Amino acid sequence: MVDYIIVGQGLAGSILADHLLSEGCKVLVYDDPLLSNSSKIAGGLYNPVTGRKMVKTWKAEPLFNYLVDYYPKLEQNLSAKFLHDIPIYRPFISAEELNEWMGKSADIDYSQFIKEVHSASAYGDQVNDDFGGLLLDQSGYVDTAKLVEASAQSLSEKNSLVKEYFDTTQLKLAEESASYKNITCKAVIFCNGHKALQEEYFGWIPLRPVKGELLMIKTEEPLKVIHNRGVFVIPQENGICKVGSTYDHNNLDENPTLEAKNVLMGKLNELVKFPYRIEYQLAGIRPATKDRKPMLGFHPKHNSLMIFNGFGTKGVSLIPYFAYQMTQLLTNSGSIEHDVNIERFFSLT
Ligand SMILES: Cc1cc2nc3c(=O)[nH]c(=O)nc-3n(C[C@H](O)[C@H](O)[C@H](O)COP(=O)(O)OP(=O)(O)OC[C@H]3O[C@@H](n4cnc5c(N)ncnc54)[C@H](O)[C@@H]3O)c2cc1C
């Protein structure tokens, strides 16, 4: 008997498991290593000001206040280092943009997230920034592959990880419990990313998967910030940088393409001035949703089935805060807010 079975050990399953374990719950996580896992390839950026129009991201204050405390605690729990608190630098492309950000830096809504507005080139030896640029605070990246690996190790040590496919045809549902291959639990929680669409109980949810591709490059240039305009360039170890990413709603296979490579290289060459070499290319599928908000909560017909999914392009910033809400719900200490509650889609069933 366990309290919860979690299906999927990407970022969502790993972070939800950590929250439930911290509350004293017993969990058993199923993860099929043969299936794709977008967390193992993600850029891992957390960025409070996003999009082409560069606006403050949805729920920026609660999400970012939570994550800056949470990831260091998770690093301790998992005895691993994966949080990299590095400013993101966005070069301006016009004097108008510089003026706009000069104004915004005095705006109380934005000042918490701005480290500096550079009115002249600050990283001109590395990128094209003749009009200056915006240096963001409370930003950086999480090495999501390392986090998932450290979580797998920790769950294995607790005998809480089964590395195999979770087959819903073997699931038996009762009013207040579920059982799977002789293991009974209060609920099965699906954290299965875009594979949810092929699954029997939650296949109806309005996920809108988006393929994304990245280039891994090598450079001798010592980079101290994440350059981000058109593409992001995340400096990792030994001169390796992650450059991404593309968005494709139509081709949803998981193979790298020449087309994406050319798009990324084109944007990279517009941004950076330093020489680099392409090492390899990665592709994955983001579990995005039509309304760009995650989906949490109970199945409309079965009390012992739940979902924790739909983290789309922003899993790193969304998952910790909403894992906390989900855990509050499961320990009867709080509820899930309406905007993310799967109830909003019950009319689709
Ligand atoms: C190119 C790219 C770049 C990205 N960059 C960023 C970024 O910079 N910042 C950011 O925040 N996010 C980024 N993302 C998005 C991020 O990857 C996702 O938000 C997040 O990883 C989703 O995590 P997840 O756990 O929901 O899904 P996944 O990581 O896909 O995990 C799902 C898991 O479920 C398992 N599974 C599914 N079905 C079963 C089954 N039946 N039995 C057993 N196991 C099963 C799979 O094996 C997998 O391990 C990026 C994504 C891509 C593709």
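The table below lists the values:
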quantity	calculated
Cα-based helix-to-principal-axis angle, 60-78 vs the chain, degrees rounded to 10	70 degrees
Dipole in debye (nearest 20) - the stretch 87-138, about Cα centre, beta carbon charges: Lys, Arg +1; Asp, Glu -1	120 debye
Calculated log₁₀ intensity ratio I(q)/I(0) where the Debye formula runs over C-alpha points of the stretch 235-349, q = 0.12 Å⁻¹	-0.63
C-alpha center-to-center spacing [the stretch 260-277, the stretch 19-97] in angstrom	25 Å
When the chain is reduced to its Cα atoms, the Kirkwood hydrodynamic radius in Å	21.1 Å
Cβ-placed point charges (K, R +1; D, E -1), dipole of the chain about Cα centre in debye, nearest 20	360 debye
Convex hull of the stretch 210-286 built on C-alpha atoms - directionally averaged projected area, nm²	4.9 nm²
Loop chymotrypsin sites (Phe, Trp or Tyr not before Pro), the stretch 238-300 (other Cβ atoms within 10 Å of the site Cβ: 14 or fewer; DSSP)	Tyr247
Efficiency of FRET from Cβ geometry, His338 and His302, R₀ 22 Å, rounded to 0.05	0.55
FRET E, pair Lys26, Asp109, Förster distance 41 Å, beta-carbon r, rounded to 0.05	0.45
Evaluated at q = 0.16 Å⁻¹: base-10 log I(q)/I(0), Debye formula over Cα of the stretch 293-349	-0.46
The stretch 171-217: trypsin sites (Lys or Arg not before Pro) falling in loop per DSSP and having at most 14 other Cβ within 10 Å	Lys181
Charged-residue dipole, Cβ positions (Lys, Arg, Asp, Glu), the stretch 210-286 about Cα centre, Debye nearest 20	260 debye
For the chain, calculated [θ]222 nm from helices alone, where every DSSP H run of n ≥ 4 adds -39500 (n - 2.57)	-8000 deg cm²/dmol
Low-density loop cleavage sites - trypsin sites (Lys or Arg not before Pro) in the stretch 231-291, where at most 14 other Cβ are within 10 Å (DSSP)	Lys273, Lys290
Descending semi-axes in whole angstrom, ellipsoid equivalent of the stretch 87-138, from the Cα gyration tensor	18, 13, 6
Alpha-carbon Rg with Dmax, taken over the stretch 121-179, Å	23.3, 64
³J(HN,Hα), Karplus 6.51/-1.76/1.60, whole Hz, each residue of the stretch 226-233, x for Gly, Pro	8, 7, 8, 7, x, 9, 9, 10
Linear extension gain, Arg52 paired with Arg277, 0.36 nm per residue minus alpha-carbon span	78.3 nm
Cα-projected label distance for Glu199 with Leu348, points at 7 Å along beta-carbon direction, nm	1.4 nm
In Å, descending, principal axis extents of the Cα set of the stretch 28-153	54, 30, 23
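The numbers here are math on the coordinates, done by the rules we state, and not lab data. Remember, it's a predicted structure, so these values are computed and weren't measured experimentally. Note that each Cβ is placed from the backbone with ideal geometry, even for glycine, and that neighbours are counted across all protein chains shown.
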